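First up is the structure itself, then whatever we jot down about it.
The values are calculated or read from the model by the stated rules, or taken from the named source; none is laboratory data. All values derive from a computational prediction rather than experimental measurement. As a convention, Cβ positions derive from the backbone with ideal geometry for all residues, glycine included, and neighbour counts pool all protein chains shown.
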Ligand SMILES: Nc1ncnc2c1ncn2[C@@H]1O[C@H](COP(=O)(O)OP(=O)(O)O)[C@@H](O)[C@H]1O
Ligand SMILES: Nc1ccn([C@H]2C[C@H](O)[C@@H](COP(=O)(O)OP(=O)(O)O)O2)c(=O)n1
């Protein structure tokens, strides 16, 4: 039996494609477990801001790596607040914009960028007794010894609808464009050579297609508490 409110110690990883609810679910799971939280997608998005501002071509891997090496990305691990900076400039809102969303897959596919950000991610969570980390390669590469690894999925139509709702989009043509955007980014993220998106062998797949957000959160919290007790 799990005592209600029993404190959780360990690492929870949450990977999966876009629009499955990773960010909103991971943050809520962290708050419920009293754990730290790291959104690694926000770090790749911040790196992309630096690349766009430097005017580097998106197929110039060396140029991208140089810009990211020289940029200072600031991100916290407090689940209750969200602030992301690049060279001390607040980019919290900008990283969610369409310009960054379109450019983030090629930037995150550059191996040298991944090495830098993976090192930074490990350092950011190294001292946390309890942490929830979400992204694409957290269970497979960043934290291979995590206590619980979740692979979050949902049907493509559900994901596109959620993203449209989030952006306040109701026009069917724009929803179709969002669906196409998700499909393109998933294909890119899943087929890149370095750390492609895929479930870790020891992950638990949670399909949120027919679930409300709170049900997804409750299931992951339950899994984390069970795992921590073993
Ligand atoms: N069952 C559900 N589980 C998770 N999120 C959901 C669910 N239903 C709707 N959503 C919504 O889907 C949207 C996309 O979630 P987000 O956390 O941004 O996804 P991701 O980080 O995987 O791209 C959010 O507005 C979230 O509230
Ligand atoms: N650990 C990670 C996290 C994100 N990425 C890449 C893949 C995604 O296209 C972008 C943005 O990730 P993010 O989680 O913010 O994207 P969504 O909110 O799911 O649309 O970064 C990655 O390669 N590795």
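Can you find, within the stretch 30-50, the residue that is nearest to ligand 2 (Cβ to nearest atom) among those that are over 27 Å from residue 188 (Cα atoms) and surrounded by 22 or more Cβ atoms within 10 Å (Cβ to Cβ)? Even if it seems obvious, please write down each step before you answer.
Our first condition is that a residue be over 27 Å from residue 188 (Cα atoms); within the stretch 30-50, this holds for 30-36.
Now restrict to residues that are surrounded by 22 or more Cβ atoms within 10 Å (Cβ to Cβ): 30, 33, 35.
On the way: 30: 15, 33: 20, 35: 18 Å.
My answer is 30.
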Query - Residues of the stretch 178-213 classified as loosely packed, with under 14 Cβ neighbours inside 10 Å and either more than 18 Å from residue 148 (Cβ to Cβ) or touching a residue at least 12 places away in the same chain (Cβ under 8 Å) (or both), total - result: 12
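Each row is one residue, and each column tells you yes or no for (1) away from ligand 1 (no atom under 16 Å from the Cβ); (2) loosely packed, with under 15 Cβ neighbours inside 10 Å.
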residue	(1), (2)
28	no, no
52	yes, no
57	yes, yes
71	yes, no
Report summary line: If we keep only residues of the stretch 119-160 that are within 17 Å of residue 182 (Cβ to Cβ) and more than 12 Å from the chain's Cα centre (by Cα), then the residue nearest to ligand 2 (Cβ to nearest atom) is 159
Report summary line: Out of (1) surrounded by fewer than 21 Cβ atoms within 10 Å (Cβ to Cβ); (2) closer than 30 Å to residue 58 by Cβ, the one residue 160 does not meet is (1)
Query raised in the report: For the stretch 117-230, which helices (runs of 4 or more DSSP H) that fit wholly inside it have 3 or more residues that are more than 16 Å from ligand 1 (Cβ to nearest atom) and more than 30 Å from residue 65 (Cα to Cα)?
Result: 172-191, 213-229
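In this structure, is residue 173 more than 16 Å from the chain's Cα centre (by Cα), within 13 Å of ligand 2 (Cβ to nearest atom), assigned by TED's automatic domain parsing to the domain that holds residue 225 and at pLDDT 90 or above? Talk me through it step by step, then tell me what you get.
Numbers: more than 16 Å from the chain's Cα centre (by Cα): yes; within 13 Å of ligand 2 (Cβ to nearest atom): no; assigned by TED's automatic domain parsing to the domain that holds residue 225: yes; at pLDDT 90 or above: yes.
Judged against the criteria, residue 173 is not a match.
Any idea which residue in the stretch 161-170 is farthest from residue 95 (Cα to Cα), counting only those that are more than 11 Å from ligand 2 (Cβ to nearest atom) and without any contact (Cβ under 8 Å) to a residue 12 or more places away in the chain? First the steps, then the outcome.
Taking the stretch 161-170 and keeping what is more than 11 Å from ligand 2 (Cβ to nearest atom), we get 161, 164-165, 167-170.
So of that shortlist, the ones also without any contact (Cβ under 8 Å) to a residue 12 or more places away in the chain come out as 165, 167-170.
Numbers: 165: 18, 167: 14, 168: 18, 169: 19, 170: 22 Å.
Restricting to residues being more than 11 Å from ligand 2 (Cβ to nearest atom) and without any contact (Cβ under 8 Å) to a residue 12 or more places away in the chain, the top hit is 170.
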**Report entry** Test: residue 104 is within 12 Å of ligand 2 (Cβ to nearest atom) and either exposed (fewer than 15 other Cβ atoms within 10 Å of the Cβ) or outside any helix (DSSP H, G or I) (or both)
**Finding:** no
